[in-house]
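*Asks:* What follows is a single structure, and I will ask about it in a moment.
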Amino acid sequence: MRIRELDETQLIESFQRLLPSGGRTVVGPGDDCAMVAAPEGAFLVTTDVLVSGEHFRLDWSAPDEIGARAAAQNLADIAAMGGRTSSLVVSLVLPRDLDVDWLLALVAGFGERARAAGAGVVGGDLAAGEQLTIAVTAHGWASAAPVLRTGARPGDTLAVAGTLGRSGAGLELLGRGLVAGSEHDPTVLGGLSEAIQVYRAPVPPLEAGPAAAAHGAHAMLDVSDGLVIDAGRMARASAVVVELDSSLLGPDVWALEPAARLCGHPALDWALFGGEDHAMLAAFPPAVVLPQPFRPIGVIGAVEPAAAPRVRLDGREVSGGWDHFRRS
Ligand SMILES: Nc1ncnc2c1ncn2[C@@H]1O[C@H](COP(=O)(O)OP(=O)(O)OP(=O)(O)O)[C@@H](O)[C@H]1O
Ligand SMILES: Cc1ncc(C[n+]2csc(CCOP(=O)(O)O)c2C)c(N)n1
Ligand SMILES: [Mg+2]
Ligand SMILES: [Mg+2]
Ligand SMILES: [Mg+2]
């Protein structure tokens, strides 16, 4: 069945059983607004939009994976402040010939990730349009002070929780046709399946966010556009130099080697420049024992007189990463 055969009310009703209400929802979908219990501590809001062809492709991902990814990247932004998500709203622009079961699988994938994070899906909006688009807003709270991008200090340890470069590698494998995307077989090409899986539906280490906050992290963000470009954002916001140590990126590089051999370029490139794994990148005071699963990947340095905040890899300046509007 195509969605043009249903009306809006029928569609929304078919979503209901797929969406968690969450522990803080007072009024869920159905009224002019949802009502969510006001949080203690800081109230957090973030939004991210996903556009077919730009963030996902219908022939590369299953609908539940696209839904899971839409939830994951918004949940990761709340976690990257040291917070937890209370509620999500999700607005969909849908081509009229979209298959109803396909759409319900997307909504189910979204709902499952929200449920796993303890968040309610409390509303959204629907419109018809040519380009399938998913716009998500997440609301959350941080019980301690939120961890901003601005607080990194010289001497801090730079650490990461989660994977780097897997999504970028998966994207390249799919883009080069090295995986039968449409067959959707996770066993294809054995060791490469992790990269493809992370591309299709990343699993950010959400609990690492609040854990970092509880351990006194000075600064944090999630790696959405690439380690180097996102570390650069921390560097500028904090007016520091981020010093990355390539020897500490070993676990990511090793995991990416099979894909790198296939694609013919260094695995390190994905770890440095690949986006969308949504790892947590944080600066910790030097004496802190890092909370699980953070691992050190560098240090924070001071900006020299007349120099600019920047990122260096093994002492050499480095730049690059994903940008929606500039393609090199
Ligand atoms: N259209 C906009 N209007 C106002 N602020 C914006 C707009 N787009 C982005 N911003 C703000 O700019 C900042 C950076 O946005 P960005 O989307 O790069 O962060 P992010 O969501 O953490 O990363 P990503 O989108 O790559 O996951 C955020 O604080 C965001 O709210
Ligand atoms: C089909 C397809 N082509 C390219 C990419 C790569 N990509 C898109 S957006 C983005 C960064 C984060 O985006 P945002 O800032 O919008 O969250 C990256 C790495 C993809 N995921 N799917
Ligand atoms: Mg964003
Ligand atoms: Mg972010
Ligand atoms: Mg981005």
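*Asks:* Suppose we filter Gly67, Gly30 for residues that are closer than 19 Å to Ala127 by Cβ, under 15 Å from the mean Cα position of the chain (by Cα) and not assigned by TED's automatic domain parsing to the domain that holds Ala201; which single one remains? Reasoning before the result, please.
*Replies:* Numbers: Gly30 fails: under 15 Å from the mean Cα position of the chain (by Cα).
Criteria check complete, one pass: Gly67.
*Asks:* If we keep just the residues of segment 235-251 that are in contact with a Gly (Cβ under 9 Å, 6 or more places away or on another chain) and farther than 16 Å from Ala271 by Cβ, which is nearest to ligand 3 (Cβ to nearest atom)?
*Replies:* Ala237
*Asks:* Next question, about the same structure. Residue under question is Arg327, and the condition is that it be surrounded by fewer than 17 Cβ atoms within 10 Å (Cβ to Cβ), of a type in the set (Lys, Arg) and modelled with pLDDT under 95; does it hold?
*Replies:* Details: surrounded by fewer than 17 Cβ atoms within 10 Å (Cβ to Cβ): yes; of a type in the set (Lys, Arg): yes; modelled with pLDDT under 95: yes.
Considered against the rule, which asks whether it is surrounded by fewer than 17 Cβ atoms within 10 Å (Cβ to Cβ), of a type in the set (Lys, Arg) and modelled with pLDDT under 95, Arg327 comes out as yes.
*Asks:* Taking only segment 24-38 into account, find how many residues are closer than 10 Å to Ser87 by Cβ and either among the hydroxyl-bearing types (Ser, Thr, Tyr) or part of a loop (DSSP other than H, G, I, E, B) (or both).
*Replies:* Total satisfying the criteria: 5.
*Asks:* Mind checking whether some residue in segment 211-224 is closer than 22 Å to His55 by Cα, within 16 Å of ligand 1 (Cβ to nearest atom) and of a type in the set (A, V, I, L, M)? Even if it seems obvious, please write down each step before you answer.
*Replies:* Filtering segment 211-224 down to residues closer than 22 Å to His55 by Cα leaves 221-224.
Going one step further and asking which of them are within 16 Å of ligand 1 (Cβ to nearest atom), we end up with 221-224.
Then keep just the ones that are of a type in the set (A, V, I, L, M); that gives 221, 223.
Yes - at least one qualifying residue is present in segment 211-224.
*Asks:* Regarding Ala271, is this residue surrounded by fewer than 20 Cβ atoms within 10 Å (Cβ to Cβ), touching a residue at least 60 places away in the same chain (Cβ under 8 Å) and either closer than 26 Å to Leu173 by Cα or within 16 Å of ligand 4 (Cβ to nearest atom) (or both)? Full working, then the answer.
*Replies:* Numbers: surrounded by fewer than 20 Cβ atoms within 10 Å (Cβ to Cβ): no; touching a residue at least 60 places away in the same chain (Cβ under 8 Å): yes; either closer than 26 Å to Leu173 by Cα or within 16 Å of ligand 4 (Cβ to nearest atom) (or both): yes.
No.
*Asks:* Separate question: Which residue, of Pro291, Pro296, is in contact with a helix residue (DSSP H, G or I) (Cβ under 7 Å, 6 or more places away or on another chain) and assigned to a strand (DSSP E or B)?
*Replies:* Details: Pro291 fails: assigned to a strand (DSSP E or B).
Within the list Pro291, Pro296, the selection yields Pro296.
*Asks:* Right, something else. Can you tell me which of (1) buried (at least 19 other Cβ atoms within 10 Å of the Cβ); (2) away from ligand 1 (no atom under 16 Å from the Cβ) is the one Thr46 doesn't meet?
*Replies:* Just one mismatch for Thr46, condition (2).
*Asks:* Okay, next question. Tell me the residue from Ala127, Ala114, Ala152 that is over 25 Å from Pro309 (Cα atoms), touching a helix residue (DSSP H, G or I) at 6+ places or on another chain (Cβ under 7 Å) and either in contact (Cβ under 8 Å) with a residue 60 or more places away in the chain or assigned by TED's automatic domain parsing to the domain that holds Arg69 (or both), please. Outline the logic, then answer.
*Replies:* Working: Ala127 fails: touching a helix residue (DSSP H, G or I) at 6+ places or on another chain (Cβ under 7 Å); Ala152 fails: over 25 Å from Pro309 (Cα atoms).
Every option except Ala114 fails the conditions.
The values are calculated or read from the model by the stated rules, or taken from the named source; none is laboratory data. Just so it is clear, the model here is predicted, and its values are computed rather than measured. For neighbour counting, all protein chains shown are included, and Cβ atoms are generated from backbone atoms with ideal geometry for every residue, glycine included.
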